[in-house]
1. Ranking request for peptides 29-39, 8-18: highest mean number of other beta-carbon atoms within 10 Å first, then the rest in descending order.
2. Would you mind calculating the gained length between residue 61 and residue 39 on full extension (0.36 nm times residue separation, minus the Cα-Cα distance), in nm to one decimal?
Amino acid sequence: MLSRDTRLRLQEILARVASDQPVSLSERIYIHKFADRNQTVATWLHRARREQQKLQPRDGIDQLLDGLELGSSEPDDYCSEDEDLGEWFGGAPSWLGRS
């Protein structure tokens, strides 16, 4: 269970993440420490990243994925045109491979 002060600090940092304002490395480490141990904080972080992504111009399939919350919440987790799809999916779990 989170103390009141801890919860307020986490929510203040997450509000800055959601509004795409600067967040220090130590604050990011602090957030992830709690997100790894507490599902509620992990959900807050996921929502903040989604809100952050909504501030960036997107169209087409990206809007659909955002609306359905199916895409990644990591802004850099996408395949670019210069990247080989096979290599990009190379880190996928073994069960996802062709049988």
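1. Details: 29-39: 13.3, 8-18: 16.4.
Descending packing order for the listed peptides: 8-18, 29-39.
2. That works out to 5.1 nm of additional length.
Each reported figure results from applying straightforward, stated rules to the coordinates on display, with no laboratory input. Everything numeric here is computed off the predicted structure, so don't read it as measured data. All Cβ positions, glycine included, derive from the backbone under ideal geometry; neighbour counts span all protein chains shown.
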